[in-house]
């Protein structure tokens with residue numbers, strides 16, 4: 001039974017504090033985009049071209065009055081680039097949007113995003129990070145290259161699902177096993193053991209990561225769901241939630257870069273951070289509470305999520321980190337005892 005006040009599962013309702021946080025996030029993002037000379041665009045909810053970005057099962061499909069297939073917008077990038085190139089024929093290269101996307105059966109997701117025609121990936125990543133910095137948020141950034149898993153499949157005979165689901169028992173080549181352990185730029189100092197085709201993409205990934213100048217986690221074997229990525233792409237995460245993602249792609253033979261911030265996940269991160277700090281403030285029994293400790297509570301969650309991402313499925317790396325943390329704990333205890 002559906003009541004008059006019911007809303008579909010996956011639909012969004014913003015009330016009170018949540019609505020205020022959403023508006024503030026969007027305002028700060030707009031200011032960053034305007035300072036970096038982006039033009040704003042709001043694209044139609046309906047699209048003919050969504051299958052180029054997402055699978056059919058992810059889309060909410062309809063037909064128009066001429067019985068042509070269309071869908072609710074599930075992704076903004078391809079439509080925006082096409083509208084700019086084919087309809088507006090604008091000379092502006094940098095565009096931003098604040099609008100929802102929709103996924104089957106009834107999921108609604110608000111996004112803050114940017115597309116830069118003929119732009120470069122490192123500057124787009126910096127813009128993304130600049131927005132989060134203005135929001136006082138610092139999350140792990142994981143960078144990958146869409147071509148590496150594809151080329152691994154060609155050279156090893158593996159299926160893309162073997163890589164996506166990390167069926168490590170099928171990984172026979174030594175260079176592939178070593179690729180599993182790559183997590184940062186230093187791990188790519190020596191590319192001599194990798195096949196030339198793989199080394200080329202790893203060098204590109206390393207070069208972009210260095211130019212961004214951020215503490216980036218590399219994940220060269222990660223398989224992206226979006227179909228149109230062509231090169232380096234990245235995700236910014238908070239525990240199990242994707243806060244933002246972006247990458248390089250080509251539409252209408254035009255090389256472009258872009259990103260999307262998932263507003264709803266960012267709102268949740270804000271609210272949870274505030275709750276943790278308020279619980280500490282209310283339950284603290286001393287004469288005064290530590291503001292720095294309240295901030296630390298929020299960052300601990302981020303650090304833990306980084307550790308989880310670094311370990312992944314690697315048991316050896318897990319034991320190594322446990323050993324390192326044990327040493328740090330012992331040193332800290334010794335210092336405290338001396339004082």
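What follows is calculated from the coordinates using simple rules that are stated; it is not laboratory data. It should be emphasised that the depicted structure is a prediction, and the values quoted were computed from it without experimental measurement. Note that each Cβ is placed from the backbone with ideal geometry, even for glycine, and that neighbours are counted across all protein chains shown.
Points to keep in mind about this one:
- Yes/no for residue 122 being in a helix (DSSP H, G or I) and over 23 Å from residue 268 (Cα atoms): yes
- Selection count where residues are outside any helix (DSSP H, G or I) and either exposed (fewer than 13 other Cβ atoms within 10 Å of the Cβ) or touching a strand residue (DSSP E or B) at 6+ places or on another chain (Cβ under 8 Å) (or both), scope segment 1-28: 15
- Against the criterion of being part of a helix (DSSP H, G or I), in contact with a helix residue (DSSP H, G or I) (Cβ under 7 Å, 6 or more places away or on another chain), in contact (Cβ under 8 Å) with a residue 12 or more places away in the chain and surrounded by fewer than 14 Cβ atoms within 10 Å (Cβ to Cβ), residue 210 qualifies.
- Given (1) closer than 24 Å to residue 253 by Cα; (2) out of contact with any helix residue (DSSP H, G or I) (no Cβ under 6 Å at 6 or more places or on another chain), number of the condition residue 121 does not satisfy: (2)
- Subset of segment 51-100 (residues that are in a loop (DSSP other than H, G, I, E, B), closer than 30 Å to residue 31 by Cβ and without any contact (Cβ under 8 Å) to a residue 24 or more places away in the chain): 89, 91
- Residue under evaluation residue 41, criteria (1) loosely packed, with under 12 Cβ neighbours inside 10 Å; (2) within 30 Å of residue 130 (Cα to Cα); (3) touching a strand residue (DSSP E or B) at 6+ places or on another chain (Cβ under 7 Å), criterion not met: (1)
- Here is the figure for segment 142-181: residues that are under 17 Å from residue 231 (Cβ atoms) and outside any helix (DSSP H, G or I) total 5.
- Scanning segment 253-266 for residues that are part of a strand (DSSP E or B), in contact with a helix residue (DSSP H, G or I) (Cβ under 7 Å, 6 or more places away or on another chain) and crowded, with 17+ Cβ neighbours inside 10 Å returns 256, 257, 258, 259, 261.
- Check on residue 131, in contact with a strand residue (DSSP E or B) (Cβ under 9 Å, 6 or more places away or on another chain) and in a helix (DSSP H, G or I): yes
- In this entry, residue 250 is excluded by the filter for residues that are free of Cβ contacts under 8 Å to residues at least 24 places away in the same chain and surrounded by 15 or more Cβ atoms within 10 Å (Cβ to Cβ).
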